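Below is one structure, written out as structure tokens; the observations come after it.
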There are 2 protein chains.
Amino acid sequence: MANSVSGDSVVDRVVRVIAAFPAGVTVLQLSELAERADLPLTTAHRLVRQLATHGLLETSPGGSVRLGLRLWELVNRNSPTLALRQAAMPFMEDIQHVLNQNVNLAVLDGWEALFVERLSRRGSVANRAQIAGRMAVHVSSAGLALMSHQPKHAQAEYLDQFADPAGKVSRDEVRAVLAEAANQGYAELAGVIDPDTWGIAVPVLDGQKRAVAAIGVVVPLREMRMQALVPALQTAARGIARRLAEGAG
Amino acid sequence: MANSVSGDSVVDRVVRVIAAFPAGVTVLQLSELAERADLPLTTAHRLVRQLATHGLLETSPGGSVRLGLRLWELVNRNSPTLALRQAAMPFMEDIQHVLNQNVNLAVLDGWEALFVERLSRRGSVANRAQIAGRMAVHVSSAGLALMSHQPKHAQAEYLDQFADPAGKVSRDEVRAVLAEAANQGYAELAGVIDPDTWGIAVPVLDGQKRAVAAIGVVVPLREMRMQALVPALQTAARGIARRLAEGAG
């Protein structure tokens, strides 16, 4: 089937064009887009024009390309994370109000925490967890809270392949941290990225006691009040889990 | 160029698959997806498989399809609305904190307000403005705030084509409402969708005094305090405009 073969490669190229934007970059020149998508300029030009016809990309007279408002709309109104974010948002607002700190919501994707929602307070400490940002499991309290509440075989698989690119943390240390987080029901991590902050996250558990999400805060070290933070987060996590189980949205 | 012709239609079909999900629907059965995308089942199946390989869609063993977390991540980390939302969020939180109401941020897309950010308060009145939701200009205070601060020719073009599908509002009434909103610097709208609520929105203006966004609140009628709401919103709108002009993000 000639069509299928040709079709395959067109789909690949469409994906490469959409995925060509590096994280946080909203505008690319066509030539840079072609290079990043590994496509000849003429091919990139044709694909961009076609996708722009449908509003999936937007182009400017100067030759710059950005993702289209229509694509943003399509993806966000039908987001795979919609139900989770809708269930979690009121509780995240409660946490933000009660604790007056940045609040994050993350899911596990591969060996990384993918942040799907975030509330940050003006004047609060820096919060590296951007929406749609990722952090490796072993450097984020959300990642540790998620991984420590996965089935044993998934944790074993994660540990088997673990190698710290920075060479700072050993597999045994990560294993011990995960075991501790599983035991105590929350994960804490001090100063891995910002030396003056502390991350604390708790899992949102489904009926099988598996983490489907993690809710956490990032607080300045000097304000650490673990006695207050953990129960508040655990209360919010139970509320989110209950809303999810009810199928609320 | 046979490739180009074939390529055109593959791009069309990819777009139709991604756009097949109705607003708020996160999961479709493959057969329903094929029908909504107007594609033969075999074609839909092949495209879904290809897109799933790249994580743009996700499939379940039961034959259900949803947008992929990877697509959500790509679109949100490079969102065309990223700079606006990042500039606006601290001010939206201020408004929510000070006024204790739902806060919306919208942009104009065609003749509709497209809501790009929203903060809703637990226990607050219903807020119809879903993120990535749309409302026609003449039934939303955000839409009126945006349209009333567009260039004259754009407003004329809008009014020329205006026809209320509900048959309740005449073109002259909309013209008058827009003129009033332009004069007073904000738009207000009572009870069009929910009879017990009132929407108030102000434009975020660029250097040419054109609205690039609108920030607004939805409040219960009994709590209407226009004297307090409008200055707070206008202050926030000026802050957002300044951040945008600084290129902050």
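Within segment B:14-43, which residues are within 23 Å of A:GLY68 (Cβ to Cβ), assigned to a helix (DSSP H, G or I) and more than 8 Å from chain A (Cβ to nearest Cβ)?
Result: B:ARG16, B:VAL17, B:LEU33, B:ARG36.
Can you pull out every residue in segment A:52-65 that is within 8 Å of chain B (Cβ to nearest Cβ) and over 17 Å from A:VAL15 (Cβ atoms)?
Correct list: A:GLU58 only.
Residues to consider are B:ALA201, B:ALA190; find the one that is touching a residue at least 24 places away in the same chain (Cβ under 8 Å) and touching a Phe, Trp or Tyr at 6+ places or on another chain (Cβ under 6 Å).
B:ALA190
I'm trying to understand the selection: among the residues of segment B:163-184, which are touching a helix residue (DSSP H, G or I) at 6+ places or on another chain (Cβ under 7 Å), modelled with pLDDT of 95 or more and either open to solvent by less than 50 Å² (accessible area, probe 1.4 Å) or assigned to a loop (DSSP other than H, G, I, E, B) (or both)?
Within segment B:163-184, B:VAL174, B:LEU178, B:ALA181 qualify.
Here are B:LEU119, B:LEU99, B:LEU144: which of them is in the same structural domain as B:TRP198 (by TED's automatic domain parsing) and modelled with pLDDT of 90 or more?
Just a single option satisfies the conditions, and that option is B:LEU144.
Looking at the structure I just gave you, is A:VAL212 in contact with a helix residue (DSSP H, G or I) (Cβ under 8 Å, 6 or more places away or on another chain), open to solvent by 20 Å² or more (accessible area, probe 1.4 Å), aliphatic (A, V, I, L, M) and touching a residue at least 12 places away in the same chain (Cβ under 8 Å)?
Answer is yes for this residue.
Can you give me the number of residues within segment B:86-122 that are assigned to a helix (DSSP H, G or I) and either facing chain A (nearest Cβ under 7 Å) or open to solvent by 30 Å² or more (accessible area, probe 1.4 Å) (or both)?
The total comes to 7.
Return yes or no: is A:VAL75 surrounded by 20 or more Cβ atoms within 10 Å (Cβ to Cβ), facing chain B (nearest Cβ under 7 Å) and closer than 19 Å to B:ASP109 by Cα?
yes
The values are calculated or read from the model by the stated rules, or taken from the named source; none is laboratory data. Fair warning: this is a prediction, and the values are worked out from it, not measured in the lab. Note: ideal-geometry Cβ built from the backbone for every residue, glycine included; neighbour counts use all protein chains shown. Accessible surface is based on the protein model in full, side chains and every heavy atom, while ligands, DNA and RNA are left aside. Shrake-Rupley method; radii C 1.70, N 1.55, O 1.52, S 1.80 Å.
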